[in-house]
Amino acid sequence: MSQDIISDALNNIMNANRAGKTHLELKRYSNLLLSILAIAKMKGYIADYEVKNKILSVNIGKLNFCKAIKPRFAVQVKDIDKYVKRYLPAKDLGTIIISTPQGLMSHTTCLEKNLGGCLMAYFY
């Protein structure tokens with residue numbers, strides 16, 4: 001167990017997915033992790049999640065791979081495509097989550113709003 005709650009949670013989700021499980025409970029979570037899971041839920045990678053009695057329960061959806069991006073690179077709008085090519089298997093397959101001054105967003109939303117930020121995680 002490391003100090004990074006986001007990478008620990010995403011690794012636990014990937015391990016559960018590889019083991020064929022569809023449900024997972026996490027004892028350590030943060031508001032940032034909940035925001036990342038909200039975006040993953042909008043995109044369909046996570047079926048549902050809820051916090052009950054200080055335990056985060058996650059139902060995995062159509063997920064092939066997810067991982068936290070370390071170190072968290074600062075990225076400008078013009079450089080987002082470079083990181084899409086690096087982390088995602090195809091241009092229209094997957095989502096990179098970016099922390100911007102306006103909150104967490106997917107990379108497509110950042111391109112539409114012309115915002116840069118720090119890379120947090122990716123799903124496909």
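Worth pointing out:
- Applying the set (1) at pLDDT below 95; (2) of a type in the set (D, E, K, R); (3) under 23 Å from Ser2 (Cα atoms) to Lys67 leaves exactly one unmet item: (1).
- Residues of region 100-121 that are in a helix (DSSP H, G or I) and within 23 Å of Asp4 (Cβ to Cβ): His107, Cys110.
- Residue check, Leu93 loosely packed, with under 12 Cβ neighbours inside 10 Å, more than 20 Å from Ala9 (Cβ to Cβ) and either among the aliphatic types (A, V, I, L, M) or assigned by TED's automatic domain parsing to the domain that holds Met14 (or both): yes
- Of all residues in region 47-64 being basic (Lys, Arg) and either without any contact (Cβ under 8 Å) to a residue 24 or more places away in the chain or surrounded by 11 or more Cβ atoms within 10 Å (Cβ to Cβ) (or both), the one that is nearest to Gly20 (Cα to Cα): Lys62
- Applying the criterion of at least 2 residues that are farther than 12 Å from Tyr122 by Cβ and not polar (S, T, N, Q) to the strands (runs of 3 or more DSSP E) found wholly in region 19-99 leaves 23-26, 46-52, 55-60.
- Residue that is nearest to Thr109 (Cα to Cα) [pool: residues in region 1-23 that are modelled with pLDDT under 95 and not polar (S, T, N, Q)]: Asp4
The values are calculated or read from the model by the stated rules, or taken from the named source; none is laboratory data. Everything quoted here is computed from the prediction, not taken from an experiment. Cβ sites come from the backbone with ideal geometry, for glycine too, and all protein chains shown count toward neighbours.
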